[in-house]
Amino acid sequence: MESTLPLVECFHSIQGEGAHTGRSAFFIRLGSCKVGCNWCDTKESWNANNHPQITINKLCKATINAWTNGAAFLVITGGEPLHHNLSPLCDAIRDQARLTGSPPIAIHVETSGVDAISGDPNWITLSPKRHAPPKIQLLAACHELKVVIHDPEDLLFAEAMAKAAIREKNSPLLFLQPGWGSSQGHNLALEHVKANSQWRLSMQTHKWLAIL
Ligand code: SF4
């Protein structure tokens, strides 16, 4: 059992991407990612050893504090958060919420899907990567599928992932998200969404607003 986790940062902000865009959220960004996307915007998170080990108790208290200050949900992100077993953290947060009499805290996880699910999240954002396809379990369980678009191959991959989710009898919300700074990605995602009603556009609104 992991009683500490490597913490890159935690902060209370708004969710900038996907289905919950614009909502108050508390973020826990964990260190460690072996997926290695060359366009990754959180490369500093890859090496867990560069980040302090924080007790689950402290992470739990920070979450409850944000919860009492208006956060609508917790987002556990990374790095790749599911490189860790999230059950001890999620169990502790839910237990603590029960003890303090606060309403249940919704826990969201943002993942590339290369590891098994842990922590029984209430919402799973699957952002699969072409060079490291996700586990079937994640395609079957995700609530939103968000594919980053840089080039035409990414669109083909997005469609293949959507079909694979449907094969698993899942019907997640479908998002195309232009790669940050990629004008080709912007145009491709926009045109594909215009031409295919099942897809929605996800913009990284926190980056446009220049906030965390
Ligand atoms: S999976 Fe996410 S954190 Fe890991 S390299 Fe890719 S974009 Fe970065």
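Where a number appears in this text, it was derived from the coordinates with a stated rule and is not lab data. Just so you know, these numbers come straight off a predicted model, no measurement behind them. Using ideal geometry, Cβ is built from the backbone for each residue, glycine included, and neighbour counts are taken over all protein chains shown.
So here's what we get for this one:
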read-out: Complete set of residues in the stretch 19-50 that are of a type outside the set (A, V, I, L, M), closer than 26 Å to A92 by Cβ and away from the ligand (no atom under 14 Å from the Cβ); value: H20, R23, S24, F26, N49
read-out: Flag if L190 is surrounded by 16 or more Cβ atoms within 10 Å (Cβ to Cβ) and either touching a helix residue (DSSP H, G or I) at 6+ places or on another chain (Cβ under 7 Å) or in contact (Cβ under 8 Å) with a residue 12 or more places away in the chain (or both); value: no
read-out: Matching option when the condition is away from the ligand (no atom under 16 Å from the Cβ), closer than 20 Å to T42 by Cβ and outside any helix (DSSP H, G or I), among P121, P134; value: P121
read-out: Yes/no for N85 being more than 23 Å from A210 (Cα to Cα), not in a loop (DSSP other than H, G, I, E, B) and not small (G, A, S); value: no
read-out: Of residues in the stretch 132-158 being charged (D, E, K, R) and in contact with a helix residue (DSSP H, G or I) (Cβ under 9 Å, 6 or more places away or on another chain), the one nearest to W208 (Cα to Cα); value: K146
read-out: W39 aromatic (F, W, Y), surrounded by fewer than 21 Cβ atoms within 10 Å (Cβ to Cβ) and over 16 Å from T125 (Cα atoms); value: yes
read-out: Single residue of the stretch 46-62 satisfying the filter (assigned to a helix (DSSP H, G or I) and touching a Cys at 6+ places or on another chain (Cβ under 8 Å)) that is surrounded by the fewest Cβ atoms within 10 Å (Cβ to Cβ); value: A62
read-out: Qualifying residue in the stretch 90-103 (condition: away from the ligand (no atom under 16 Å from the Cβ) and crowded, with 21+ Cβ neighbours inside 10 Å); value: yes
read-out: Single residue of K146, K169 found to be assigned to a loop (DSSP other than H, G, I, E, B) and among the basic types (K, R); value: K169
read-out: Hits in the stretch 63-81 - residues which are within 14 Å of the ligand (Cβ to nearest atom) and either free of Cβ contacts under 8 Å to residues at least 60 places away in the same chain or part of a strand (DSSP E or B) (or both); value: V75, I76, T77, E80, P81
